[in-house]
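Throughout, read-outs are computed from the coordinates displayed, never taken from laboratory work. Everything numeric here is computed off the predicted structure, so don't read it as measured data. Neighbour counts run over all protein chains shown; Cβ positions are idealised from the backbone, glycine included.
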Amino acid sequence: METTSTANPLVAALLQMVDMARDGLALLDGEHRCIYANAAACVLLEISGDEVLGSDFLAHFLAHERVAIAEQIAGADIGSWCTVHLSLGEARAIEYELRRHVVDGRPLSMLALRDLTSQRQERTVAEDANQRDAQPQEHTEPYRAIFESTIDGLVILEMDGTIVEANAAAHDMLGYARNELIGLNAVVLTPPEYLAALADALQGAIDGGPTRHFAASKAIRKDGSLLDVEARGRAFDFRGKLHVLAVMRDITEQIKAEAQLGETEEQYRSIFEATSDALIIRNLDGRIVEVNPMACSMYGYTYDEMIGLPVSALIHPADHGLILDNQRMIASQGAFRARATQINKDGEPFSVDVHGAPFTYKGEPHVLTVVRDITERVVAEERLREREEQYRSIFEVSSDGFAITDLETGLVVDANPAMCRMHGYTYEEIIGLHPTEFVHPDFHEDFRQHSETVKAGGSYRARSVDMRKDGTPFPVDVYGTTFSYNGKARRLAVLRD
């Protein structure tokens, strides 16, 4: 390091070059004081520039070697390298070369210093590389086979990004013929928006940082198309020099699958939000973790109020036993279905159909419950049941005879007590009879025509003659029409004696 500045540009440039030299350079006066030392010398001595200037330079060597160095400085020029040791915490072997100069009548000595430790390390690395290169084919062939057979693309880069090795998968992945990648720079394969990431990765390897991982990187194929890749790299020694091993994995199909998954999730979310049934997702502790808008509307809660609510808060106390029943059904049958009474936020009960099944939510087991409000249906069913009971009461107590027959077979499928008494049959005897067995033979043709009228959707009124079980004839007025019975169209005949 220079003690004074100079206005001579040539001298300044020379000093800058000296300061950049890899070997340590030190200029000593006649009393061995240092009047100049370059950066490499300071690094070698593990001392700052300010500390080395003006110091007794020989004091940095082992005591028993200082005398010999002083004698060599005082004697003739020494043109060969000599080995000595620095007196650091751990003695370090160095080589030095001495030159003597006289400047303005002053004797000066120039010492060139070289660290033997690092030189030996470099020599060892080079020898190891040579040994590796000289190994028999059978030692390197297994590793080459692994390198070539790996499914991932493997690329070895110099620190400036130049490719020196690439396996078959890398060539295929990027659309290059065998060995066309060798000599290319990784910049050629990298889209502009990813160049900064590439530079960071290489610099990280130079700095000895951790392995870098880019989950959504892209590479440029030979034909110019872009390839989605997952790339990661790490620094390692290759042929005696620091290189970067880059591993590339084609994630094109993964990206497509993720995009499709996103679309599917969006579709399911739309269905979840729009369905007219209440959808409730609960965890295995019975706490609600997700609901759709209809659930909030049905139960009268806001979304935030429902999240975290125990599902038992929605079930009428009389039906709390269904919770355990449903859990057992899921465990044994994989799903459950039930009709229950639930309560809204105001405590008002309403009837529901409930369907439940195991459901994976955010990677954890849950239960999905689909709830349909059937209050109106239950009311309608109750009214229908009441009406059926009313009709059955009329059917049973009426003094007119009622006979319900199948439209296809003509057989009696139901009859009221008056019909049985009128014809002298028990209920069990009349069921399954054909009407021609109790209609007078003279009126069979009329009966056939009336039956066709009913089948066509019409109705009729007529006067006929029937016969009792004992063969006694008696006149009847008959009204016939179609009639829905047990969900099927039938013929209803009402007879009055």
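Taking Cβ atoms as reference points and 10 Å as the exclusive limit, the residues near LEU279 contribute a net charge of -3, counting Lys and Arg as +1 and Asp and Glu as -1. The tail of the calculated P(r) for region 327-409 beyond 18 Å holds 67 percent of all Cα-Cα pairs. The dipole here belongs to region 266-344: it is taken about the Cα centre, uses +1 on the Cβ of Lys and Arg and -1 on the Cβ of Asp and Glu, and is about 300 debye. Neighbours of TYR479, meaning other residues whose beta-carbon lies under 15 angstrom from its beta-carbon, give a summed charge of 0 when Lys and Arg score +1 and Asp and Glu score -1. For region 194-347, the normalised intensity computed at q = 0.10 Å⁻¹ comes to -0.65 (log10 of I(q)/I(0), Debye sum over alpha carbons, equal scatterers, no solvent).
Taking neighbour Cβ counts within 10 Å as the exposure measure, how do THR409, THR481, THR436 sort from fewest upward? Walk me through the numbers before you get to the answer.
Details: THR409 10, THR481 16, THR436 13.
Fewest-to-most ranking of THR409, THR481, THR436: THR409, THR436, THR481.
Each Lys and Arg contributes +1 and each Asp and Glu -1, all at the Cβ; summed about the Cα centre of region 357-485, the dipole is approximately 300 debye. Summary of the geometry: region 444-497 and region 330-398, compared by the centres of their Cα atoms, lie 41 Å apart. Taking the three principal axes of the alpha carbon atoms in region 398-497, the coordinate ranges are 33, 27, 23 Å, sorted in descending order. Between PHE443, MET467, GLY457, whose Cα lies farthest towards the positive end of the dipole of region 411-492 when Lys and Arg beta carbons carry +1 and Asp and Glu beta carbons carry -1, centred on the Cα centre? Ranked along the dipole, the leading option is GLY457.
Give me ILE431, ILE94 ranked fewest to most by other Cβ atoms within 10 Å of their Cβ, as a rough exposure proxy. The partial results should precede the final answer.
Numbers: ILE431 14, ILE94 22.
Result, fewest neighbours first: ILE431, ILE94.
Among VAL188, VAL494, a tally of other beta-carbon atoms within 10 Å of each Cβ gives an order, fewest to most, of VAL188, VAL494. When the P(r) of region 227-315 is calculated, the portion above 20 Å amounts to 60% of the C-alpha pairs. Annotation note: GluC sites (Glu not before Pro) in region 387-422 located in DSSP loop regions with a Cβ neighbour count of at most 15 within 10 Å are GLU408.
Placing +1 on the Cβ of every Lys and Arg and -1 on the Cβ of every Asp and Glu, with no other charges, gives region 230-375 a dipole of roughly 720 debye about its Cα centre. Electrostatic tally near LEU28: other residues with Cβ closer than 13 Å to its Cβ, Lys and Arg +1, Asp and Glu -1, net +2.
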